[in-house]
Amino acid sequence: MNKLRVLLIDDEIMIREGFKRLFDWEAHDCEVVGEAADGMEALAKIDSLNPDIVIMDINIPIMNGLKVIQTSRIKHPDVAFVIVSGYDDFSYCREALRLQITDYILKPVNYEEFGSCIDNLKIALFRRESSKQEDRHEERTILGITRYLQEHLDEEITLYVLAEQFHLNPQYISQLFKSEIGVNFLAYLTNIRMERAKKLLLSTSLSISDISEQSGYGDYRVFTKVFKKTEGVTPSQYRRDFLDRQ
């Protein structure tokens, strides 16, 4: 993970300088990329700098810190906010928690405790990023698998065939179907095979046997049985019902 980008927001320049000079950001894999002295400037800097972490006082001019967080959440839901305030007030803490801030630290700042806060935050952000990358990988994988199914629907397809094709564990592929699509592999495969069969029944004059093969069923009797179970009628009756409505 690259260095975390930090934005400092406080109307007191001495506080901002203290954070920059008295805390070893480098040792905690962070870098201060900017600072702001009021709420409007804070919003602009969050937009332009896209920080990972915002260290901010609540009591800042023009727009208070809580309002800044509430407004920023709309466009920047992943930014982590750490409030540093001189107010040990329950109402502030309650509102801050409602806005899902990462931590609430009182002034004067204990930089050792602050370091622990940053380290914990770094771990949390790393886990979140890893989870997002894993989710993106799973989405790409299931997209590739479903595309493969559509292109090879007339062939014998099992979890083991897919596992060999995509160099994955069959159980992992099975879990992907449940987590990404919401149905098990066999149900998904049967569904797309039935959709192809219905399309062929209504748009071609192919025999039931040919449609069975093109839909992935080598035995038309098995195909007919599955079709009737799924659609409530045989393939032939499905075609006749359609033609009768024309």
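Values as computed for the structure displayed
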{"quantity": "Residues (free of Cβ contacts under 8 Å to residues at least 12 places away in the same chain and under 30 Å from Leu176 (Cα atoms)) located in the stretch 192-213", "calculated": "Glu195, Lys199"}
{"quantity": "Some residue of the stretch 204-226 being within 30 Å of Asp135 (Cα to Cα) and out of contact with any Asp or Glu (no Cβ under 9 Å at 6 or more places or on another chain)", "calculated": "no"}
{"quantity": "Residue within the stretch 127-142 that is open to solvent by less than 50 Å² (accessible area, probe 1.4 Å) and within 30 Å of Asp24 (Cα to Cα) present", "calculated": "yes"}
{"quantity": "Residue, least open to solvent (accessible area, probe 1.4 Å), within the stretch 205-215, restricted to residues that are at pLDDT 95 or above and in a loop (DSSP other than H, G, I, E, B)", "calculated": "Ser215"}
{"quantity": "Single residue of the stretch 41-74 satisfying the filter (of a type in the set (D, E, K, R), without any contact (Cβ under 8 Å) to a residue 40 or more places away in the chain and open to solvent by less than 70 Å² (accessible area, probe 1.4 Å)) that is nearest to Glu31 (Cα to Cα)", "calculated": "Lys45"}
{"quantity": "The stretch 6-28, subset aliphatic (A, V, I, L, M) and farther than 20 Å from Asn50 by Cβ, residue surrounded by the fewest Cβ atoms within 10 Å (Cβ to Cβ)", "calculated": "Met14"}
{"quantity": "First in the stretch 158-172 and closer than 16 Å to Leu186 by Cα, second anywhere and of a type in the set (Ser, Thr, Tyr) and open to solvent by less than 50 Å² (accessible area, probe 1.4 Å), Cβ under 8 Å, 6 or more apart", "calculated": "Leu159/Ser174; Leu162/Tyr148"}
{"quantity": "In the stretch 156-204, residue most open to solvent (accessible area, probe 1.4 Å) [restricted to those that are part of a loop (DSSP other than H, G, I, E, B) and on the phi < 0 side of the Ramachandran plot]", "calculated": "Glu156"}
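The values are calculated or read from the model by the stated rules, or taken from the named source; none is laboratory data. This structure is a prediction, so every number in the text was calculated from the model and none was measured. Cβ coordinates were reconstructed from backbone atoms using ideal geometry, including for glycine residues, and neighbour counts include every protein chain displayed. With ligands, DNA and RNA removed, areas are computed over all heavy atoms of the protein, side chains included. Shrake-Rupley method; radii C 1.70, N 1.55, O 1.52, S 1.80 Å.
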